[in-house]
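S.K.: Sharing a structure here in structure tokens format.
No lab work stands behind these numbers, since they all come straight from the coordinates. What you are looking at is a predicted structure, and each value in this text was computed from that prediction instead of being measured.
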Amino acid sequence: MPGVIIGAAIGGALAVIAAPIALGTMGFTGAGIAAASIAVNMMSAAAIANGGGVAAGSLVATLQSVGVAGLSTSSNIILGSVGAGSVGAAVMALL
């Protein structure tokens, strides 16, 4: 049982830490969308599909908002819980 608890704690922490890193790597940064990134391609496709602009509330707009402002406390709690549950279940399955 201690292995499951430790695995869940590690999984929760990694999920909360990894999300902003993944968004930054994709190009959703605090300074805006980074040139020559996945985010640029997503923004371009969204703008073309929407007739020239990125719709408010769209996936690209939401990810850019998170890239600038970071995740809310409630989002971090949910993300940590999902990470903890996933890794805890995986560790339990191995035992």
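S.K.: Specify the residue with the greatest mean-square fluctuation among Thr62, Thr29, Thr73, computed from a Gaussian network of the chain linking alpha-carbon atoms under 10 Å apart.
M.R.: Judging by the Gaussian network model, the answer is Thr73.
S.K.: Select from Asn76, Asn41, Asn50 the residue whose mean-square fluctuation is largest in a Gaussian network model of the chain (Cα-Cα springs shorter than 10 Å).
M.R.: Looking only at Asn76, Asn41, Asn50, the biggest GNM fluctuation is shown by Asn50.
S.K.: If the elastic network links every pair of Cα atoms under 10 Å, which of Ala84, Ala69, Ala39 fluctuates the most in the Gaussian network model of the chain?
M.R.: Among Ala84, Ala69, Ala39, the largest mean-square fluctuation in the Gaussian network model of the chain belongs to Ala69.
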